[in-house]
1. Picking from 84, 59, 127, which residue would you name as being touching a residue at least 24 places away in the same chain (Cβ under 8 Å) and surrounded by fewer than 17 Cβ atoms within 10 Å (Cβ to Cβ)?
2. Here is a check on your reading of the model: is residue 75 under 25 Å from residue 167 (Cα atoms) and assigned by TED's automatic domain parsing to the domain that holds residue 24?
3. Would you pick out the residues in region 231-263 that are away from the ligand (no atom under 16 Å from the Cβ) and free of Cβ contacts under 8 Å to residues at least 60 places away in the same chain?
4. Buried (at least 19 other Cβ atoms within 10 Å of the Cβ), away from the ligand (no atom under 15 Å from the Cβ) and over 28 Å from residue 294 (Cα atoms): is that true of residue 226 in this structure?
5. I'm checking my understanding of the structure. Among residues of region 8-22 that are surrounded by fewer than 23 Cβ atoms within 10 Å (Cβ to Cβ) and in contact (Cβ under 8 Å) with a residue 60 or more places away in the chain, which one is farthest from residue 92 (Cα to Cα)?
6. Could you please let me know if residue 194 is within 13 Å of the ligand (Cβ to nearest atom) and in a helix (DSSP H, G or I)?
7. Quick one: count up the residues across region 199-221 that are in a helix (DSSP H, G or I) and either within 9 Å of the ligand (Cβ to nearest atom) or buried (at least 18 other Cβ atoms within 10 Å of the Cβ) (or both).
8. Scan region 92-114 and report the pairs whose first residue is farther than 28 Å from residue 124 by Cβ and touching a residue at least 24 places away in the same chain (Cβ under 8 Å) and whose second residue is within 13 Å of the ligand (Cβ to nearest atom) and part of a helix (DSSP H, G or I), with Cβ atoms within less than 7 Å and a gap of 6+ or a chain change.
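The values are calculated or read from the model by the stated rules, or taken from the named source; none is laboratory data. Computed from a predicted structure; not experimentally measured. Methodologically, a virtual Cβ is constructed for each residue, glycine included, from the backbone with ideal geometry; neighbour enumeration extends over all protein chains shown.
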Ligand SMILES: Cc1cc2nc3c(=O)[nH]c(=O)nc-3n(C[C@H](O)[C@H](O)[C@H](O)COP(=O)(O)O)c2cc1C
């Protein structure tokens, strides 16, 4: 009998219909891209990471990140902060955005963030993780989750301690990106750490979901992670960039046991255009065309003439110019 790997998840009181999530990706998971991923079957989406300090200061650019789309009835906001002291000061705008889930970033390796003591720097001080989760659970009934890595480096693997700090303080879910901070995004994610963490959570915090992240580049990889590690769900990150089809394909694989055909050329180009249209609605035509330069090559990866198309896209400043490129690609 096939295992039921596609399933609903409960995060505290929050019930979500599926376990294929879109990870937070700074610079990528804005409202238009999240909408595209929802349209292709993402069970749940997160904002890009949002600075609690920015919220507390009333930064307009930070508030922009809190906007949710029409398809995001359920929506997670990920915050980054270095101390529990910021929690109360930043809470009002956060609650106004009415997130279904608030996630705390303990994994970001970017120097600008780490330098302030936020992101993966929090892994070096589990008592801070504890204090932040406690402050949030004291001030709101919204479920809290924590996303972290396996440790700072290979000599300081401490994910069990971080999970314990988070869950012992009232978090309702954890996600682990199975790399250390010093690995950044390179090397192979260590999925065996997910297995160990799942066993730990089952023993000490039963019924608390664990999500896995790291090297989820195909539906088969997601199936393997779910099957081999026992995680309750997966978060697609780089694997969803230019490839929102991965949500639909993974659900198909998990529910039927069969691979779905890859997206057709037509589907890829139509999705690219839809993505651009949503971006234009959000930020205006020229900014959308510039922003799309980081997404478009990912939609076109592997197509014949992709490199020529990329050159043209790098100069395109209007929707019409993008259209010319997609028409050319259709012509072969
Ligand atoms: C460009 C980029 C931006 C990211 N931004 C965030 C972020 O804002 N918050 C977060 O928790 N993780 C962030 N991550 C990490 C991803 O959510 C994910 O955990 C990581 O990429 C591992 O998954 P993958 O190997 O399948 O890509 C980011 C990763 C990338 C590549």
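1. Working: 84 fails: surrounded by fewer than 17 Cβ atoms within 10 Å (Cβ to Cβ); 59 fails: touching a residue at least 24 places away in the same chain (Cβ under 8 Å).
Matching residue, one of 84, 59, 127: 127.
2. When the stated conditions are applied, residue 75 passes them.
3. 252, 253, 256, 258, 259, 260, 261, 262, 263
4. Working: buried (at least 19 other Cβ atoms within 10 Å of the Cβ): yes; away from the ligand (no atom under 15 Å from the Cβ): no; over 28 Å from residue 294 (Cα atoms): yes.
Judged against the criteria, residue 226 is not a match.
5. That would be 18.
6. yes
7. So the count comes out to 3.
8. none
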